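Student: Take this structure first; my questions come after.
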Amino acid sequence: MHVIKGQSVAHTVHERLSYAINPDKTNSGQLVKAYACEPETAAGEMLLCKKEYETYIGRSDEKKSDIVLYQIRQSFKPGEITPEKAQEIGFELAMSFTKGKYQFVVATHTDHAHIHNHIIFNSTSIDHTQKFRNFLGSSEVIRKISDKLCLENGLSIIEAPKQGPSHYGKWLGDKKPLSWQEKLRQTIDAVMVQKPADFDTFLKLMVVNGYEVKQGQHLAFKAIGQQKFTRLRSLGEGYSEEELRSAILGKTVHTPKVKRPYRKNPDKINLLVDIQAKLQAGKGPGYERWAKVFNLKQMAQTINFLTENNITDYETLVEKTKAATDRYHELSQQIKDLEKRMAEITELKKHIINYAKTKEIYTAYRESGFSGRFYEANTEDILLHQSAKQAFSLLSAKQIPAMKNLQLEYRKCSSAKKSLSADYRSMKSIMKQSVIIKNNVDLIMGASYPEDKKIERVL
């Protein structure tokens with residue numbers, strides 16, 4: 001919220017908060033809750049915080065373009081929630097997003113069919129040392145927090161929320177401008193339709209169409225007004241230099257890349273819609289089994305996982321779970337192989353040391369004609385030498401490896417293991433989460449999905 005045109009910061013703060021806490025909209029003010037300030041004096045307390053911030057930075061921060069307040073609007077499905085519960089969830093959302101660093105007021109409005117919250121928080125921190133800076137993707141963070149809280153309380157969420165009027169796509173109109181990559185693809189498609197005789201002719205036609213050509217390790221083009229070159233390899237399948245050369249020679253056919261609008265496959269079950277319908281209904285053996293084992297927080301985790309990973313159908317969930325499980329086992333085997341080789345190197349180094357240490361003793365033993373008396377006097381050394389020789393005989397190599405080479409190989413194995421271990425721990429977590437989520441879906445939906453597609457639980 002910026003300063004109202006022609007008005008002061010103080011007037012703006014009072015005006016915005018007055019609308020939010022309007023008694024006619026908040027059940028005579030009963031549905032207003034504040035943090036680090038009082039609802040009745042919130043405007044004055046927020047302004048005082050701003051004055052203390054100006055003292056802290058040593059100058060006036062009052063600018064016409066300055067953001068003095070931020071507002072979050074949170075709406076709920078009609079008939080699903082009480083005003084009191086909406087207030088509670090709104091407060092949790094505000095506290096989670098601001099991390100308790102900024103004053104805020106939560107006003108729950110009941111003047112419409114849908115109960116909704118107005119959450120207004122100060123742009124200046126409580127300790128008056130900093131100002132809140134909005135960041136790219138903040139609306140997505142707020143949505144995720146809100147969805148999580150709603151799901152934990154058994155409330156509906158919007159599976160595919162539409163962007164509001166302030167969305168970038170709306171600023172540009174219904175049709176967004178083409179990217180440089182898309183423009184380059186279209187130009188290449190048009191040139192290829194002309195069937196150039198060879199690749200040099202193709203490049204000349206690209207120049208005619210307004211592109212600068214940069215040849216080198218990576219062929220690239222730059223249009224008029226474009227700052228940087230676009231490499232062919234960044235355009236995707238069908239647009240690499242090799243693929244274009246092949247199409248020009250008639251070995252393959254160039255197929256333009258068509259950007260198709262998203263269309264939901266009616267044959268596939270939308271998991272988000274289906275799961276929520278099942279839980280809202282609260283009927284069936286699937287739901288009953290799930291309710292005995294899980295809780296709403298776990299259900300929220302399931303929905304959030306599906307949303308964040310853009311999983312809308314059961315087949316995709318199975319594929320992603322299997323891929324994660326396979327990768328986990330692959331990394332596990334690689335680490336085991338490295339550990340085995342490191343153990344072999346350690347054992348081999350021990351034998352090399354023992355061999356060198358007992359070589360003279362064993363030579364003397366042999367020169368004595370393998371005397372029994374000599375053996376009794378040097379049994380330990382002779383056995384160590386014989387054990388080392390036996391270990392060497394099992395080597396596939398004809399020569400005993402040098403100690404420095406073994407030490408180098410051991411360090412390489414150790415370094416590789418350390419690198420893989422980080423990936424292993426990460427993939428183990430992903431795999432466990434994927435398996436748990438899939439099992440949750442199976443339990444929630446009951447017999448809705450094929451039993452033969454279930455993945456073995458690995459925990």
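The values are calculated or read from the model by the stated rules, or taken from the named source; none is laboratory data. Keep in mind it's a predicted model, so treat the numbers as computed, not measured. Ideal geometry is used to build each Cβ from the backbone, glycine not excepted, and the neighbour counts take in all protein chains shown.
Student: Given the structure, is Lys51 modelled with pLDDT under 95, in the same structural domain as Ser125 (by TED's automatic domain parsing) and either more than 24 Å from Ser138 (Cβ to Cβ) or surrounded by 21 or more Cβ atoms within 10 Å (Cβ to Cβ) (or both)?
Tutor: yes
Student: Does at least one position in region 388-399 carry a residue that is over 30 Å from Glu308 (Cα atoms) and aromatic (Phe, Trp, Tyr)?
Tutor: Within region 388-399, one or more residues are over 30 Å from Glu308 (Cα atoms) and aromatic (Phe, Trp, Tyr).
Student: So Glu40 passes all but one of these: (1) more than 12 Å from Asn122 (Cα to Cα); (2) touching a residue at least 40 places away in the same chain (Cβ under 8 Å). Which condition number does it fail?
Tutor: So the condition that Glu40 fails would be (2).
Listed here are the residues, each with its yes/no results for (1) closer than 28 Å to Gly154 by Cα; (2) not in a loop (DSSP other than H, G, I, E, B); (3) not assigned by TED's automatic domain parsing to the domain that holds Asn153.
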site: Gln71; (1), (2), (3): yes, yes, no
site: Glu80; (1), (2), (3): yes, no, no
site: Gln87; (1), (2), (3): yes, yes, no
site: Ser96; (1), (2), (3): yes, yes, no
site: His114; (1), (2), (3): yes, no, no
site: Asn117; (1), (2), (3): yes, yes, no
site: Thr124; (1), (2), (3): no, yes, no
site: Asp127; (1), (2), (3): no, no, no
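Student: Continuing with the same structure: So Asn134 ticks every box in (1) modelled with pLDDT under 85; (2) loosely packed, with under 12 Cβ neighbours inside 10 Å but one. Which box is left unticked?
Tutor: Checking Asn134 against (1) modelled with pLDDT under 85; (2) loosely packed, with under 12 Cβ neighbours inside 10 Å, the one that fails is (1).
Student: Looking for something at pLDDT below 95 and either over 20 Å from Cys150 (Cα atoms) or of a type in the set (Val, Ile, Thr) (or both) - is there at least one such residue anywhere in region 75-87?
Tutor: yes
Student: Same structure again: Select from region 2-26 the residues that are buried (at least 16 other Cβ atoms within 10 Å of the Cβ) and at pLDDT below 90 and write down the one among them that is nearest to Pro83 (Cα to Cα).
Tutor: Only one residue fits best here, namely Thr12.
Student: Right, here's the next one. Need a quick list: helices (runs of 4 or more DSSP H) entirely within region 218-322 having at least 2 residues that are modelled with pLDDT under 90 and more than 29 Å from the chain's Cα centre (by Cα).
Tutor: It comes to 285-293.
Student: Sticking with this structure for a sec: Working carefully through the options Ser419, Ser414, Ser393, Ser368, find the one that is surrounded by fewer than 15 Cβ atoms within 10 Å (Cβ to Cβ), modelled with pLDDT under 90 and of a type outside the set (A, V, I, L, M).
Tutor: Going through Ser419, Ser414, Ser393, Ser368 in turn, just one is surrounded by fewer than 15 Cβ atoms within 10 Å (Cβ to Cβ), modelled with pLDDT under 90 and of a type outside the set (A, V, I, L, M): Ser393.
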